[in-house]
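A short write-up of the structure that comes next.
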Amino acid sequence: MLDPNGPEIRVPDDAEEAVLQRTLEMARDGEWDQAVDRLRDALSDHPESPYILCWLGVAERELGLEGIAYERFKRALALEPQDPVLLTTVGNALARFDDPEAEAALRTAAMIAPQSAPARCAYGAYLSREGMLDRAVEELEAALRLEPADPLVHLELGVVRALEGEMTAAAHFFGQAAELTPDDGWAHILLGLAWVELEEMEEAARALEEGARLRPDDLEAQLLAALVLAIRERHSEALEMLERARLRATEVDEALVLEVEDLLEDPGGAARRFLLRTLAPSSFRERLVQHP
């Protein structure tokens, strides 16, 4: 919901709206190549449209064209849009590139639409990853009041609580996110890592195993699950996770996979120490600061 006293917002004209709707259909079908072609054609007719530029950036990013996408987002923002959805999309995109202009875009979106949970959540998530934790909590708690069943809000509240060192609260919010979106492996992994921090290994094993199965290409998740399952004396499942990791290991990963394989022979000692002191803290730190 927009602030009725806020600035007048430019909306797409009929021609832009038709392009955006068709692009959305293509995106839902995974037809990113066709979406890029359609948006590039539209850009020639609407070179000053922040909407076309923004969604072209989104489509190009999906194709791995990160540098080109970044320039699209920058151009869209330079046109000074006032649409909070567009500003949130552009701000989140720029945050992934550590562009300082991301903050202004996300802050403006939250100010223009203070009753928009996505805008407040996006700004809070940005603030938490920039270390402004008190302000992040304010934004995220406001988002939770607006949308108490939004799993992303719960996930981001878990992130900020974990960054504050409040692991019990973090586990609660990650658990809520995982419950609301049971197919979200990322939420399960963060939940499992919070339980590891609390040394609640049974809960950690349940969450990390589920997260690893939902994210089969996440090699580190397979190894985390292998270690905690071994600690819980679930040896067959631990070996299964190890093999899943081995199948996905590159040359760079092989040493870590071999190290974990050796550690599984001493689950109550070396494996536990490695999980608690090395792999889990490192993985948790890296995952917490990744932009959504």
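Taken together, the values in this text are just the output of simple stated rules run on the coordinates, not laboratory data. Given the structure is predicted, the values throughout are model-derived calculations rather than measurements. For neighbour counting, all protein chains shown are included, and Cβ atoms are generated from backbone atoms with ideal geometry for every residue, glycine included.
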Subject >> Extended-chain gain in nm, criterion 0.36 nm per residue less alpha-carbon gap, Arg285 and Asp41 >> reply: 83.6 nm
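Can you give the FRET efficiency for Leu258 and Asp217, using 1/(1 + (r/R0)^6), R0 = 22 Å, r = Cβ-Cβ distance, to the nearest 0.05? All intermediate terms of the calculation are to be shown ahead of the outcome.
Values: r = 20 Å, r/R0 = 0.90.
Between Leu258 and Asp217 the formula returns 0.65.
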Original post:
Which length gain, in nm to one decimal place, applies between Glu48 and Thr168 when the Cα-Cα distance is subtracted from 0.36 nm times their residue separation?
Top reply: 38.4 nm
Original post:
What is the calculated FRET efficiency for Arg28 to Asp266, with r their C-beta to C-beta distance and R₀ = 35 Å, to the nearest 0.05?
Top reply: 0.10
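Counting only C-alpha contacts under 8 Å and six or more residues apart, can you give the relative contact order of the chain as a whole percent?
On the way: 427 pairs, mean separation 30.7, N = 292.
Worked out over the chain, it gives 11 percent.
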Original post:
Are there chymotrypsin sites (Phe, Trp or Tyr not before Pro) in segment 85-170 that DSSP puts in a loop and that have at most 16 other Cβ atoms within 10 Å, and which ones?
Top reply: Phe97
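Hey, what did segment 99-214 get for relative contact order, percent, Cα under 8 Å, at least 6 apart?
Working: 165 pairs, mean separation 18.7, N = 116.
Reported relative contact order: 16 percent.
Sort 146-153, 81-88, 57-64 for me by packing, meaning the mean count of neighbouring Cβ atoms within 10 Å per residue, highest on top. Mind dumping the intermediate values first?
Values: 146-153: 17.5, 81-88: 22.6, 57-64: 19.0.
Per-residue Cβ counts within 10 Å, averaged per peptide and sorted highest first, yield 81-88, 57-64, 146-153.
Hey, can you rank 214-227, 244-257 by average C-beta count inside 10 Å, highest first?
Details: 214-227: 23.1, 244-257: 14.1.
Top to bottom by mean Cβ count within 10 Å: 214-227, 244-257.
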Original post:
For Leu239 and Asp13, what does the FRET efficiency come to when R0 = 45 Å and r is the distance between their Cβ atoms, rounded to the nearest 0.05?
Top reply: 0.15
Original post:
Separation between the Thr250 and Ala104 pseudo-spin-labels, each 7 Å from Cα along Cα→Cβ, expressed in nm?
Top reply: 3.6
**OP:** State, to one decimal in nm, how far the label point of Phe97 lies from the label point of Arg145, with both points 7 Å from Cα in the Cβ direction.
**Re:** 3.5
Subject >> Separation of the Asp134 and Glu80 label points, Cα + 7 Å toward Cβ, nm >> reply: 3.3
Original post:
Based on the mean of other beta carbon atoms within 10 Å per residue, what is the order of 191-201, 43-53, most packed first?
Top reply: 191-201, 43-53
**OP:** May I ask you to derive the relative contact order of segment 167-292, considering only C-alpha pairs under 8 Å and at least 6 residues apart, and to give it as an integer percent?
**Re:** 20
Original post:
Extension gain Leu180-Leu63, at 0.36 nm per residue separation less the Cα-Cα distance, in nm?
Top reply: 39.2 nm
